[in-house]
Each structure stands twice: as structure tokens, then as C-alpha cells.
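Asks: One structure, as C-alpha cells, below. Some questions next.
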Amino acid sequence: MTSESPDIKISHGTPTRAPSAVPIDDAVLPFEVDALDLRGRLTRLGPALDDLLAKHDYPAPVGKLLGEAVVLTTLLGSSLKFDGRFILQTQTDGPVSFLIVDFQAPDRLRAYARFDAKRLKDGQDSGALLGKGHLAMTIDQGADMSRYQGLVALEGGNLEDAAHEYFLRSEQIPTRVRIAVGEEWRGGDGPKHRWRAGGMLLQFLPKAPERARQADLHPGDAPEGSVTHTIAEDDAWVEGQSLISTVEDIELIDPDLSGERLLYRLFHERGVRVFRPLPLHAQCSCSREAVSAMLKSFAPKDRAEMVKDGKVVVTCEFCSSVYQFTPDEAGVE
């Protein structure tokens, strides 16, 4: 949950105001449902996502998949309570062999995808585009602190599946995630095509930890016929899962539906408290100084091989910015 102070409670009981009808894009809206011991975050992305994807002119399926990765990153990275980084990265054997989304707290996003255009086919879903490999989620707390990394195997499923597996195995927090990405086409004098995305993360965090107990993971090598361990889910979490499962993709990306109204639709019978939205920005961290320092970290022979037509040219994979250096500036002897 965020450290932001609570904004307003929206319920049938004692609301202090009605849910705002004003949609807010490029923000994460934290919320809680005390009656069910639920905590969550709702992401809505518009211009920031469009900016991230438009820099590379990705084919639509690749752009959609990278958009899903951006949404998942904002849902997870926005929980950081320090000025660190949350990095989501995939390496797989699918047509989209590499994805990376870098969230620098509190609000900066950059993203990149590597793909083989020859292997893209009509009708491929996210799982088919990713293929098999792994998903890594890294929390970087700064130069003087150790990194934390969680790994999840990708076996042909989508990023929602991977997130559920991560929380089951690593965090052991009952969690459900919903992600949606779509293309918006509009007439008029403005942009005809824009990307939109939305996502919701819901977690069951009761004060009594035994209420959040989950069944043991499958042992894998248990003899045939062995009885697997089962445990009844808490009624509050059953209700929470039922509610988030009703969220439709169009509701998550609808530019005319505010986040507060969506949360009210879901949880008004129990009462939902929303917190101040956390803004998001598409902003790369590259700079001429940083690229220069990177070049000088290479061996002299490697730097010499980078000289083409009397100059060294470096293109940022994230934002496509181009930096040019003379051999002398690049430290070529």
C-alpha cells in the first residue's frame, strides 16, 4: 500500500463525497476495502503509454504486449516507498524475445521490446508472443543497498498468469491482477490513433495472517495418488476475487470512465477508500553525460571499433535519442 494519506471513503454508509466523474490518465489510484481486508491499486494510462510506444512504431501485437508489461510494472513499482527502481524484464524464445520496463520512483517510466518481425503471425496472443523463458522483477534500492530479484518461469502464459505465480511462490500474498491494453481511434483534427491501458491489482491483507494462508505448492514429484494439501479460502478473499473477476477490459481502458467510478461500481456495497493518485510520466533517464561515461567504461579496443565515418554514434534503445561523439570525446586513442 502507498504511504500517501487517504483521500476519501466512497460507500453507501458514510461517504464524504460522491465518486469523481473526472477521468485521470497516467496515474495510479491506490485504494482499500477495509470490510474485506483488501488493498489495491488501479492504473490508467493514456498519453504516457502512447509516448512510450510511439517512439518505436511497434507492430500492434508487440505494442499491446509491451503495454501490458508497462501496466504490470506500474501496479508493482508504485508500491515503492523509497527513491529506487523497479525493473520488469522478460527473456524468452518467442517472437518477442525481450521486454524491459524501467520504473524509477516515484513516477518515471521507460520501456523497450525486441522482436523478430518474421515470426509475428495474425492471432497470436500474449502467451504465444512471449513463448517460454522467464520473467525477472528487480527492485534496485540504490548503490549502497543490495538488489532484490524475483524470477518466474514463463511457459506460454500471459503476464497476468506470471504475476499470480510470482505472488504465490515469492510473496505468498493472495493477489489478483487484471490488465487491459487497447488502441483508440478517433476522428477530428487531433491524433487519429492512440494507445490506452489500464490495470488493477487486488491483495488480501488481513490483520490475522492465518486468514491469508494458501494451499501448499504442488510438490511435483509426489507419488501418483497422493492427497494434495488444500485449504479453504477466507470468505472475504473469495468475495474480493469474485468482484475483480467482473471487471471488463473496456472498463479498464474507457477514457470516459473515471477510476473512482470504476472502484465504486465494484466495491460500493462494502465501502471503498481511495487515496491520492500517483502521477506517471514517460521519461527516459539517458543523457549525453551518461552515454559518455558508458563509452569510457569499455576497453580501448572496443571503443576504437565503434568509430564509423569518423564518429561514434549511440542510439538509446528506450527513447531512440541519438548521441554523436568525436573519437576524442569517446576516449578513442
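The values are calculated or read from the model by the stated rules, or taken from the named source; none is laboratory data. Given the structure is predicted, the values throughout are model-derived calculations rather than measurements. Every residue, glycine among them, receives a Cβ derived from its backbone with ideal geometry; neighbour counts consider all protein chains shown.
Asks: Examine segment 222-234 for a residue that is surrounded by 15 or more Cβ atoms within 10 Å (Cβ to Cβ), within 27 Å of PRO59 (Cβ to Cβ) and at pLDDT 85 or above, and state whether such a residue exists.
Replies: Checked segment 222-234: no residue is surrounded by 15 or more Cβ atoms within 10 Å (Cβ to Cβ), within 27 Å of PRO59 (Cβ to Cβ) and at pLDDT 85 or above.
Asks: Residues to consider are SER320, SER242, SER297, SER285; find the one that is among the small types (Gly, Ala, Ser), in contact with a strand residue (DSSP E or B) (Cβ under 8 Å, 6 or more places away or on another chain) and over 21 Å from ARG44 (Cα atoms).
Replies: SER285
Asks: Considering each of ALA208, ALA180 in turn, give the residue that is in contact with a helix residue (DSSP H, G or I) (Cβ under 7 Å, 6 or more places away or on another chain) and either assigned by TED's automatic domain parsing to the domain that holds ARG41 or more than 24 Å from PHE82 (Cα to Cα) (or both).
Replies: Matching residue, one of ALA208, ALA180: ALA180.
Asks: Just the residues that are in contact (Cβ under 8 Å) with a residue 40 or more places away in the chain and either among the hydroxyl-bearing types (Ser, Thr, Tyr) or surrounded by fewer than 13 Cβ atoms within 10 Å (Cβ to Cβ) (or both), please, taken from segment 281-314.
Replies: The answer is SER285, and nothing else.
Asks: Could you please find all residues in segment 311-329 being closer than 18 Å to PHE298 by Cα and either of a type in the set (Ser, Thr, Tyr) or in contact with an Asp or Glu (Cβ under 7 Å, 6 or more places away or on another chain) (or both)?
Replies: Residues satisfying the conditions are THR315, TYR323, THR326.
Asks: Then there is this: In contact with a Gly (Cβ under 8 Å, 6 or more places away or on another chain) and under 30 Å from ARG211 (Cα atoms): is that true of GLY240 in this structure?
Replies: It is false that GLY240 is in contact with a Gly (Cβ under 8 Å, 6 or more places away or on another chain) and under 30 Å from ARG211 (Cα atoms).
Asks: With the checklist (1) touching a residue at least 40 places away in the same chain (Cβ under 8 Å); (2) farther than 30 Å from TRP195 by Cβ; (3) not basic (Lys, Arg) in hand, flag the one item GLU317 doesn't pass.
Replies: Single failed check for GLU317: (2).
Asks: What strands (runs of 3 or more DSSP E) completely inside segment 1-99 contain at least 3 residues that are in contact with a Phe, Trp or Tyr (Cβ under 6 Å, 6 or more places away or on another chain) and at pLDDT below 95?
Replies: So the answer is 6-10.
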